[in-house]
Amino acid sequence: MLKSDTPAALFVRAMVFQGIASRGRSLERSFAFRGWTMSVVPASRVTALSGEGAFEVLVAARRLEDAGRHVVHLEIGEPDGTTPPPVVEAAVRALHDGHTRYVNPAGLPALRDAIAASLAWRGIRAGAAAENVVVVPGAKPMVFYALLAVLEAGDEVLVPDPGFPIYPSVVRFAGAVPVRYPLDEVGGLDAERIAPLIGSRTRALVLNLPGNPTGGIATTDALHAIAELALRHDLVVVSDEVYGRIRYDGRSDSIAALPGLLERTIIVDSFSKSYNMTGWRLGFGVLPAALVERVTTLVVNGTSCTPPFVQLAGLAALTGPQDSVTAAVARLERRRDWLVDGLNGLPGIRCTRPTGAFYAFPDVRQVEERAGLSTDQLAALLLETHGVAVLPGTGFGPGGAGHLRLSFAVSPADLDLALERLRECVSDLAVASLTDGGIHVGP
Ligand SMILES: Cc1ncc(COP(=O)(O)O)c(C=O)c1O
């Protein structure tokens with residue numbers, strides 16, 4: 001066992017302590033009012049919400065950079081590169097043409113039309129029209145609104161584990177109960193692992209295909225089996241398809257295209273990942289008719305509308321040439337292979353090849369066990385001592401333990417540097433465990 005006062009152990013303890021301390025500080029914020037210090041106690045409703053690890057690690061990484069350190073950023077889920085020029089030009093034109101005022105809360109008719117027409121690539125050729133589309137600032141608000149619109153207190157909602165942490169967070173906010181369902185060995189969907197979790201309180205099933213953080217998909221058979229479960233148990237399906245066009249198997253699908261499913265599915269999507277538009281904040285939902293008016297009312301209460309010049313940029317993205325999307329997917333596939341092969345070359349790391357999205361989700365349990373570190377501690381060590389920002393899989397649910405999430409939507413030079421630093425980290429830990437019998441952390 002490495003003595004508890006060795007530099008590595010002291011460092012990891014300091015990291016863990018810092019994390020706890022900064023979380024505590026944010027809760028204790030208070031402000032002075034006419035000489036009194038008044039503590040503001042947040043409502044339990046908002047304390048039910050949790051944040052997103054990606055943004056927390058980004059802030060920690062930026063702090064290191066401000067202190068002069070170099071960091072390779074593999075933590076944040078956004079493509080490198082820029083928004084396609086025709087899309088930027090459409091927005092600039094729209095601004096000059098005065099598209100700067102409030103508009104229809106559900107979205108501009110032209111964009112709603114284009115979104116409805118674009119559903120064909122997912123296999124949906126009938127049954128959903130512009131009236132089923134509600135435009136919002138990103139996919140996240142639609143996840144939020146969709147769940148708020150369908151859940152009653154005490155309802156149970158099936159969410160993927162590991163999965164995007166916003167799902168359980170919003171489910172709790174709505175007063176409902178997230179029930180995590182496990183994925184298969186390659187991070188894909190397996191109806192047999194979902195079926196036993198369905199009970200009389202189960203109201204909704206959240207799907208995310210391809211999934212964050214695993215990049216897993218559902219085979220055609222699995223998708224049919226899950227659709228059958230949804231029909232049999234009268235479930236609402238929230239299908240988050242933000243990575244739907246970033247697939248390396250040449251397929252595109254949606255559970256909503258299967259018989260009887262469009263009527264009970266809310267498709268959530270955005271322009272963020274496919275068109276390099278994460279900062280524009282443009283997304284949408286395709287909803288069963290009964291929900292459109294309620295979700296539009298949520299939009300009125302939340303944001304009034306989505307900026308019209310941003311919507312016109314989205315219209316240009318959707319109706320213009322799609323070669324930038326095809327080229328981006330081909331580029332990402334090469335980077336995926338490079339990173340996955342590199343990770344599999346490191347001792348103690350095993351990584352499956354994701355079928356979609358742009359994350360590698362390697363299994364690092366052997367490294368952790370040898371060094372006596374938890375997943376969070378390994379991620380903290382990688383950032384602080386080796387300058388590689390990654391996300392611990394635990395941020396995606398208990399099913400993510402023993403894994404790290406690495407985005408490969410970064411330059412090849414950054415991937416090389418990250419692999420070199422990972423190699424260093426793994427070999428430093430191996431040396432430490434040989435000389436000291438492992439790194440001992442905590443009490
Ligand atoms: C699964 C999933 N859904 C939704 C989002 C958010 O998308 P947007 O930026 O369009 O709100 C993300 C972003 O990382 C994601 O991974």
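The table for this structure:
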{"item": "Qualifying residues in the range 37-67 (those that are assigned to a loop (DSSP other than H, G, I, E, B) and within 16 Å of the ligand (Cβ to nearest atom)) - the one nearest to Leu148 (Cα to Cα)", "result": "Leu49"}
{"item": "Any hit, the range 114-121, residues being surrounded by 21 or more Cβ atoms within 10 Å (Cβ to Cβ), of a type outside the set (Asp, Glu), within 16 Å of the ligand (Cβ to nearest atom) and not assigned by TED's automatic domain parsing to the domain that holds Ala418", "result": "yes"}
{"item": "The range 315-331 residues that are under 14 Å from Thr83 (Cβ atoms), paired with ones that are aliphatic (A, V, I, L, M) and outside any helix (DSSP H, G or I) (beta carbon under 9 Å, 6 or more apart)", "result": "Leu315/Leu108; Ala317/Met277; Ala317/Leu282; Val325/Ile246; Ala328/Ile246; Ala328/Ala409"}
{"item": "Residue ID - farthest from the ligand (Cβ to nearest atom), chosen from residues in the range 351-397 that are β-branched (Val, Ile, Thr) and closer than 22 Å to Ser169 by Cβ", "result": "Thr375"}
{"item": "Breaking point among (1) without any contact (Cβ under 8 Å) to a residue 12 or more places away in the chain; (2) under 16 Å from the mean Cα position of the chain (by Cα), for Val159", "result": "(1)"}
{"item": "Residue in the range 300-318 that is more than 30 Å from Arg101 (Cβ to Cβ) and surrounded by 19 or more Cβ atoms within 10 Å (Cβ to Cβ) present", "result": "no"}
{"item": "Single match in Val59, Val87 (criterion: of a type in the set (Val, Ile, Thr) and free of Cβ contacts under 8 Å to residues at least 24 places away in the same chain)", "result": "Val59"}
{"item": "Test for Pro109: is it free of Cβ contacts under 8 Å to residues at least 60 places away in the same chain and either surrounded by fewer than 23 Cβ atoms within 10 Å (Cβ to Cβ) or not assigned by TED's automatic domain parsing to the domain that holds Ala222 (or both)", "result": "yes"}
{"item": "Test: Asn104 is touching a Cys at 6+ places or on another chain (Cβ under 7 Å) and either more than 16 Å from the ligand (Cβ to nearest atom) or touching a residue at least 60 places away in the same chain (Cβ under 8 Å) (or both)", "result": "yes"}
{"item": "Count of residues meeting criterion [part of a loop (DSSP other than H, G, I, E, B) and β-branched (Val, Ile, Thr)] in the range 68-125", "result": "7"}
{"item": "Identity of the residue in the range 167-198, assigned to a strand (DSSP E or B) and more than 16 Å from the chain's Cα centre (by Cα), that ends up surrounded by the fewest Cβ atoms within 10 Å (Cβ to Cβ)", "result": "Pro182"}
{"item": "Within the range 126-150, considering residues that are free of Cβ contacts under 8 Å to residues at least 40 places away in the same chain and in a loop (DSSP other than H, G, I, E, B), the one surrounded by the fewest Cβ atoms within 10 Å (Cβ to Cβ)", "result": "Ala126"}
{"item": "Test: residue in the range 243-251 that is touching a His at 6+ places or on another chain (Cβ under 8 Å), at pLDDT 95 or above, in the same structural domain as Gly216 (by TED's automatic domain parsing) and assigned to a loop (DSSP other than H, G, I, E, B)", "result": "no"}
{"item": "Per-region count, the range 255-267, residues under 19 Å from Arg112 (Cβ atoms) and touching a strand residue (DSSP E or B) at 6+ places or on another chain (Cβ under 6 Å)", "result": "4"}
{"item": "Checklist (1) away from the ligand (no atom under 16 Å from the Cβ); (2) touching a residue at least 24 places away in the same chain (Cβ under 8 Å); (3) in a loop (DSSP other than H, G, I, E, B) applied to Ala153, failing item", "result": "(2)"}
{"item": "Residues of the range 266-283 that turn out to be more than 9 Å from the ligand (Cβ to nearest atom) and not in a loop (DSSP other than H, G, I, E, B), as a count", "result": "2"}
{"item": "Helices (runs of 4 or more DSSP H) enclosed by the range 287-405 - at least 2 residues per element that are of a type outside the set (D, E, K, R) and closer than 28 Å to Val88 by Cα", "result": "289-302, 308-319, 323-344"}
{"item": "Flag if Arg125 is away from the ligand (no atom under 16 Å from the Cβ), modelled with pLDDT under 95 and either in contact with a Lys or Arg (Cβ under 6 Å, 6 or more places away or on another chain) or not small (Gly, Ala, Ser) (or both)", "result": "yes"}
{"item": "Check on Leu235, more than 27 Å from Val46 (Cβ to Cβ), of a type outside the set (Lys, Arg) and either over 23 Å from the mean Cα position of the chain (by Cα) or modelled with pLDDT of 95 or more (or both)", "result": "yes"}
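The values are calculated or read from the model by the stated rules, or taken from the named source; none is laboratory data. For clarity, every value in this text was computed on a predicted model and none was experimentally measured. Quick reminder, even Gly has a Cβ in these numbers, built from the backbone with ideal geometry, and neighbours come from all protein chains shown.
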